[in-house]
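The structure under discussion appears below in the form of structure tokens.
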Amino acid sequence: MAQIEIILEKQLLTIQNREVISSGDMNYDSCKFDFDEAWAGYIKTAVFYQDKGNVQYAVLDSNDMCMIPAAAMARAGRMYVGVFGIKGTAVVTSTVETVDIREGAISGGNVSTEPTDDVFLAIIAQYQRIASMMAQYETTAKQFTTLMAEQNEILETLGAFDVVDIMDRLNLIEEKINNYTNLAEDIMGREIVIRNVPIKFINKICRVENEAFTEASLCDVYFDEFSYEIAAKALILPVSYQGYMELTSSIDIQETLTANILVRRH
């Protein structure tokens, strides 16, 4: 089993060793990449080909390793190796080096078991859509973390004998995230926090105006530490109306208090 050791210094790719690789190998030879800090945070994908009309891809695992696709060394000759990374909308690419493939006991173009470049790039595009959706709502749905970990695991094992199965699994993840996105949008649309509201009672009543209030709203009032010591001495009841809320206190409070108001709209 051959393992090619590769170093990335910014975009410069350098092969550190020259292993003997025979044509016809399948799921046997691998590459190990060592990236500098310029690649931090990127989803990294290795590129292999003997001719540019038949480019093969392999997403690197958590150890920055991958198996060399069988179709990239199906025959004796020169194999080209490179890598690119994706982070959000940013793409970084490396230079290309070559590895000599020696004549093996078997060879030929019929050993390809890897997804075509069109299918692979479609999967990457779908990954980017899901990543973008997650970025917008990651603070409102903890489930996204689990789903993204699941998707990363799928991408890391994109040795891909069954591309249809991979696409089905990714479609299912995207559907789940869409559902969570809709839920998050619904929650954010129904719950609004009005922060640092000054509360001044006049004749035991304080009126707070804001268009977030409706007659059907439910309101919770959370006083800051200083205000809570005073407010805790009284019974304070909030009642919501169209465009404003009234707080009624059971005792006469002279101080101006500060509160955050959670408005839940139906």
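For the reader, a short list of remarks on this structure follows.
- Backbone geometry of region 91-99 corresponds, through the Karplus equation with coefficients 6.51, -1.76 and 1.60 at θ = phi - 60°, to 3J(HN,Hα) couplings of 10, 10, 10, 9, 6, 10, 10, 10, 10 Hz, x marking Gly and Pro.
- Less than 5 angstrom separates the built amide H of Lys10 from those of Asp36, Ala38, all sequence-distant by 5 or more or on a different chain.
- For Val83, distant residues with modelled amide H under 5 Å away: Val47, Ser94
- 10 Å-binned pair-distance histogram of region 191-266 (Cα, whole percent): 21, 56, 22, 1
- Net charge, Glu19 excluded, C-beta distance under 12 Å - Lys, Arg +1, Asp, Glu -1: -1
- Region 193-266 versus region 21-91: alpha-carbon centroid distance in Å: 61 Å
Every number in this text was worked out from the coordinates using simple rules, so none of it is lab data. Keep in mind that what you see is a predicted model, and the values were worked out from it rather than measured. Cβ: placed from backbone, ideal geometry, glycine included. Neighbour counts: every protein chain shown.
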